Structure formats: C-alpha cells, structure tokens
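Accompanying notes for the structure given below.
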Amino acid sequence: VLLNIDGGAWTTGDKQVSGRATLETIAAEENVIVCSANYRLAPEVRLTDMLHDCKRALHWVKENIAQYGGDPAKVCVSGESAGGHLTALMALTANDPRYDPPEFTGREDTSMRAAIDFFGVHDILDTLGHYATMNGRPEKISNLTKHMERVVIRKSLADDLDEFESASPSHILDRLMKGTVEAATGAQGTNCVKVCPIMLVHGNRDTLTALDDSIEFHDRLVRLRKAEKRPPCDVFVTLPGARHGFGIVTGPRSAALAMAIGSFIHHHCDSP
C-alpha cells in the first residue's frame, strides 16, 4: 500500500494532480494499492497542522485499507516537493508522541514500512546555503527560509530556532543520530525512533528544490545507519535532465521510475 502526500510549497496543490503519471503506473503495473491525501494549507494553518493531517491520513489508511484488499502492516508513504518534506518528517517522527495530533492517545501506529521522497525539502534553515546559492545568485537568506518565516511557520528563524529545527528533517536526523550514539554508549533517557528505509528521487535540473540538499540528507541517512550498525537500506536516485515536478507527465521515465519504486516497496514490505 502506498499513501501519497501532494506538493505545492505548503500553500497549494491537490491529490488529484500530484505525481499522477508515476502513481498511476505504480498502481497499474506494480501490484500496489495507491491512496492520495490532501492536507490543510498555509496560510490558513501552520506546518504543524499539516503534519498532523498527514498522520491522520496514515492512521485512516491503516484502519481502513483491509476492506480494499490492502495489508495495514505494509503501508508506505510518498510525497513530492512540500509533500516530500512532509513524508520525510513522517518517517523521522513515526510513533513519536511529540509530533502526534492532539487527539491521538498513543495507541495509534504512525510507522511505515518505507518512504519515497520526491525532490523534497530537508533543511528549511538552509544551514549549508544550498538554497541561497542554487540559482547562481547568492542570497544572505534564501527564498525558502523567507517563505517558511512569512507564510508556513509564521515565525522568525532568529526568534524560534528550535521550531525551525523541529520541522527540518535534516536537523531531526542529527538529533536521532545523537540519540543512537548515546544509546550505544549506555546513556540514559535517549529516545531512538526507528527510521524506515527511505528512497530519495531528485532531478539534476531542478531549479525549485536543491539537489544538493537531498544529497546531504542522504549522506546523513548513511551515517545514521552506520551508527545503528544496520546495513544500508536507503536509496538515492538522481534523474538526468529531470526538472521539478517530473512525475506528472507519462513517458518512459515515469514507467522506469514506477518499476524502481515498486521494487523498493515490495522489497521492504515482503521482508520480515
């Protein structure tokens, strides 16, 4: 089962459009039940509310997918752009009560077997300047960070660094890695979330989300697996010539990508 989270800069987008060509091919050719979810958007709600909506959608799928022939124990999540960011957040905060919707009681399972992150955003602070320099015009503060401050989080980075880091997959991953290392050395009070395998897909001609940001996020995943003493399970795919939003158009690329994603899903859903 694959639950898809649509993109649109956290301010627009619809489940009927997002990645449609790739998702339809996955559903038709890869023996995967595909579900799509909308979530509330900025500026009507803040980023925390969007993540809560996505977790509610995941919980609904797990509670109801059996009646459509799906296995609730074999649910994966995908998303593109802003949806990729939310997918990464879901993967890194699975069953973490600090990120649950307020009505959740702690009995709801928000884990997933695997995640597929299409050209998502991973460091909304732009710590390494990937967004500030990606279009050849260096900026003191990237347009991404400005957008998060003004529209999505609606707080200043300088005033609330912790909220930005808590909404940034790269920084959450750093915290998880620190907790894993502390647990390995016998530190008390560490909170280790089991991060599912993640497949990252990014075009090398994307001018809206930074390829280097995805590469850096994958490097962090590699370091996490080493700290966990687990074999590598994450995949990074760079698509030559692909721009932002490539999954909407049917063609040889979408067919090949759907086959790769199907293999990734079945490998991790069919394994113990």
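The values are calculated or read from the model by the stated rules, or taken from the named source; none is laboratory data. Since we're looking at a predicted model, the values are computed, not measured. Here the Cβ is made from the backbone with ideal geometry for all residues, glycine too, and neighbour counts use every protein chain on show. Accessible surface areas use protein heavy atoms only, side chains included; no ligands, DNA or RNA. Shrake-Rupley method; radii C 1.70, N 1.55, O 1.52, S 1.80 Å.
Things worth noting here:
- Solvent-accessible surface (1.4 Å probe) assigned to residue 108 amounts to roughly 30 Å².
- Computed accessible area, residue 267, all protein chains, 1.4 angstrom probe, square angstrom: 120
- Shape category assigned to the range 1-90 from the gyration tensor of Cα positions, a/c cut at 1.5: oblate
- Size of charge dipole - the chain - debye, nearest 20, with Cβ of Lys, Arg +1 and Asp, Glu -1, no other charges: 280
- Over 22 Å between alpha carbons, listed pairs 15/62; 55/194; 178/226; 15/55; 62/229: 62/229
- When Rg and the Kirkwood radius Rh are both evaluated on Cα atoms of the range 113-249, their ratio Rg/Rh stands at 1.00.
- Residue 215/residue 105 FRET efficiency (R0 30 Å; Cβ-Cβ; nearest 0.05): 0.20
- For 122, 266, the ranking by accessible surface with the largest value first comes to 266, 122, using a 1.4 Å probe.
- A straight line joining the Cα centroids of the range 10-46 and the range 48-66 runs 13 Å.
- Extension gain for residue 204 to residue 154 (0.36 nm times residue separation, less C-alpha to C-alpha distance): 14.9 nm.
- Using a cutoff of 8 angstrom between alpha carbon atoms and counting only pairs six or more residues apart, the relative contact order for the chain works out to 23 percent.
- Cα-derived Rg to Rh of the chain, Kirkwood definition: 0.94
- Contact order relative to length of the range 1-143, as percent, for alpha carbon pairs under 8 angstrom and 6 or more apart: 25
- If the segment from residue 230 to residue 68 were pulled out straight at 0.36 nm per residue, it would be longer than the present Cα-Cα gap by 54.9 nm.
- Solvent exposure of the chain as accessible area per residue, Å², 1.4 Å probe: 46
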